[in-house]
Amino acid sequence: MFNIPKTQIAAVVPFHGAALEIRKDHPVKQPSELAPGECLVKLSCTGVCHTDLHASNNDWPLHASTPLVGGHEGIGEIVAIGENTGDCPVKIGDRVGIKWLAYSCLNCEQCRNGREQNCPKAKLSGFSVDGTFAQYTVSYVYHVTPIPKNIDSNAAASILCAGVTVYRALKHSHAKIGEWVVLPGAGGGLGHLAVQYAVAMGLRVVAIDTGLEKKKLCLELGAEKWIDFQEEKDIVQAVREACDGEGAHCAVVTTASASGYTQAVDYLRPGGTLMAVGLPGEAKLEASIFFTVFKSINILGSYVGNRQDAVEALEIASRGRVVVRYECKGLSELKNVYDALKQGNVAGRIILEM
């Protein structure tokens, strides 16, 4: 039997526009208060994602619920399960992960078609329900993800959002073994994982980012070509030249910059696919309709992933094919982490240990 405290340390945004607060008296939902299907997870660590920064800043067209406990890349141990939970797929003591998608109905058209993340009843960790920037959080037994034994918790945390997001995008990109994929923002939290999943799938990677540290990281992880967007005057031409002079077969755009999307349509070869992943708050996708049609370009949005995508992404990482580059900090340093994300100074991922 676990000793569940009444209060905990948590990072809270009290209301839209308010500064982040580290509170030491945030309430913990007790086992007797859990509804059927809910579980209480004692967290050991959590990743920090750009999405958390957007939610905290309230700069998306969709607005987070407040007061907000952000975070959606948490790893922890189940310490309680709601009474009358039928056919429970997990048990007390299991190590599980908490993803962006906290809950979906599993029975609507979207869920049945494998688009659980588009369920009209979806609940989102760290956005519409409390997330993982805390010592304890409530999630849902049918959506927490079992963590393979041979991957450590700090590495697994980033796979739950950054990893599964880029994995699903590549999986649905139509790119085949030996084809070129371009990854703008390749040295960042999502990008450095995308490089590795792409290499694991047999794709050839052109990494776009800036700075010697990110260049070194991308090339070490298997990228064949590097383009520094601050040094290169013509990104479109540079990509075309890197990809046999014809352009890329696919671009997975994880950056939140609108220019990354516009350029991708121009440097893709005929029949190429733009996978839109990064989420700029207000930017528009502008592309030549003529050349989009003339070149038979595919433009697809890819939004996180479903439960099966998460299992697959973790399984690949657990076999050592994907290694998360991360730096560990404490929950109290979250404000500084947000500042570093704003400035684009984070190579790899940041993990907060509880």
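The values are calculated or read from the model by the stated rules, or taken from the named source; none is laboratory data. This one's a predicted model, so the numbers in the text were calculated from it and none came from an experiment. All Cβ positions, even for glycine, are placed from backbone atoms using ideal geometry, and neighbour counts span all protein chains on display. The accessibility values were calculated without ligands, DNA or RNA, using every heavy atom of the protein model including side chains. Shrake-Rupley method; radii C 1.70, N 1.55, O 1.52, S 1.80 Å.
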For the stretch 329-340, state whether one or more residues are of a type in the set (A, V, I, L, M, F, W, C) and under 22 Å from GLU220 (Cβ atoms). yes
Filter result (at pLDDT 95 or above and among the basic types (Lys, Arg)) within the stretch 274-310: ARG307
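Yes/no per residue for (1) of a type outside the set (A, V, I, L, M); (2) touching a residue at least 40 places away in the same chain (Cβ under 8 Å):
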| site | (1), (2) |
| --- | --- |
| GLY260 | yes, yes |
| VAL265 | no, no |
| LEU279 | no, yes |
| LYS284 | yes, no |
| PHE291 | yes, no |
| GLY301 | yes, no |
| ALA317 | no, yes |
| VAL322 | no, yes |
Can you give me the number of residues within the stretch 324-343 that are touching a residue at least 40 places away in the same chain (Cβ under 8 Å), under 22 Å from SER44 (Cβ atoms) and open to solvent by 50 Å² or more (accessible area, probe 1.4 Å)? 5
What number of residues within the stretch 253-278 are open to solvent by 10 Å² or more (accessible area, probe 1.4 Å), outside any loop (DSSP other than H, G, I, E, B) and of a type in the set (Ser, Thr, Tyr)? 3
Verdict on GLY37 being within 24 Å of GLU333 (Cβ to Cβ), in contact with a Gly (Cβ under 8 Å, 6 or more places away or on another chain) and modelled with pLDDT of 95 or more: no
Condition first: open to solvent by less than 70 Å² (accessible area, probe 1.4 Å) and assigned to a helix (DSSP H, G or I). Now tell me which residues in the stretch 302-312 satisfy that. ASP309, ALA310, GLU312
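Answer yes or no: is there a residue in the stretch 240-252 that is within 30 Å of LEU106 (Cβ to Cβ), assigned to a strand (DSSP E or B) and modelled with pLDDT of 90 or more.
Step one: list which residues in the stretch 240-252 are within 30 Å of LEU106 (Cβ to Cβ), which gives 252.
Next, only the ones that are assigned to a strand (DSSP E or B) stay: 252.
Next cut, modelled with pLDDT of 90 or more only: 252.
Checking the stretch 240-252: at least one residue is within 30 Å of LEU106 (Cβ to Cβ), assigned to a strand (DSSP E or B) and modelled with pLDDT of 90 or more.
List the strands (runs of 3 or more DSSP E) inside the stretch 1-59, counting only whole elements, that have at least 1 residues being over 26 Å from the mean Cα position of the chain (by Cα).
Numbers: elements: 7-13, 21-27, 38-47.
Result: 7-13, 21-27.
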Among the residues of the stretch 175-197, the number that are part of a helix (DSSP H, G or I) and out of contact with any Ser or Thr (no Cβ under 9 Å at 6 or more places or on another chain) is 4
Going residue by residue through the stretch 206-220, is there one that turns out to be buried (at least 20 other Cβ atoms within 10 Å of the Cβ), part of a loop (DSSP other than H, G, I, E, B) and in contact (Cβ under 8 Å) with a residue 24 or more places away in the chain? no
Looking at (1) out of contact with any strand residue (DSSP E or B) (no Cβ under 9 Å at 6 or more places or on another chain); (2) in a helix (DSSP H, G or I); (3) within 30 Å of TYR142 (Cβ to Cβ), can you tell me which one ASP339 breaks? (3)
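Based on this model, can you work out whether ILE81 counts as within 23 Å of LEU190 (Cβ to Cβ), in contact (Cβ under 8 Å) with a residue 24 or more places away in the chain and of a type in the set (A, V, I, L, M, F, W, C)? So that I can check it myself, show each step before the final result.
Numbers: within 23 Å of LEU190 (Cβ to Cβ): no; in contact (Cβ under 8 Å) with a residue 24 or more places away in the chain: yes; of a type in the set (A, V, I, L, M, F, W, C): yes.
Spelling it out, it is not the case that ILE81 is within 23 Å of LEU190 (Cβ to Cβ), in contact (Cβ under 8 Å) with a residue 24 or more places away in the chain and of a type in the set (A, V, I, L, M, F, W, C).
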Go through (1) out of contact with any strand residue (DSSP E or B) (no Cβ under 7 Å at 6 or more places or on another chain); (2) buried (at least 18 other Cβ atoms within 10 Å of the Cβ); (3) small (Gly, Ala, Ser) one by one and return the number of the condition GLY281 breaks. (2)
What number goes with the only condition from (1) touching a strand residue (DSSP E or B) at 6+ places or on another chain (Cβ under 9 Å); (2) assigned to a helix (DSSP H, G or I); (3) not small (Gly, Ala, Ser) that PHE290 does not pass? (1)
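Could you count how many residues in the stretch 39-55 are open to solvent by 20 Å² or more (accessible area, probe 1.4 Å) and in contact with a strand residue (DSSP E or B) (Cβ under 8 Å, 6 or more places away or on another chain)? Step through it out loud before you land on a result.
Residues of the stretch 39-55 that are open to solvent by 20 Å² or more (accessible area, probe 1.4 Å), as a first pass: 42, 44, 50-51, 54.
This time we only want the ones that are in contact with a strand residue (DSSP E or B) (Cβ under 8 Å, 6 or more places away or on another chain), so: 42, 44.
Qualifying residue count, the stretch 39-55: 2.
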Provide a single number: the residues in the stretch 253-273 that are at pLDDT 95 or above and of a type in the set (D, E, K, R). 1
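Looking at ILE316, ILE299, can you tell me which residue is part of a helix (DSSP H, G or I), under 30 Å from ALA122 (Cα atoms) and among the β-branched types (Val, Ile, Thr)? Don't jump to the end; show me each part of the working.
Numbers: ILE299 fails: part of a helix (DSSP H, G or I).
Result of the check over ILE316, ILE299: ILE316.
Scan the stretch 226-240 for residues that are open to solvent by 70 Å² or more (accessible area, probe 1.4 Å) and in contact with a strand residue (DSSP E or B) (Cβ under 7 Å, 6 or more places away or on another chain) and jot them down.
So the first thing to find is which residues in the stretch 226-240 are open to solvent by 70 Å² or more (accessible area, probe 1.4 Å), and the list is 229-234, 237, 240.
The answer is PHE229, and nothing else.
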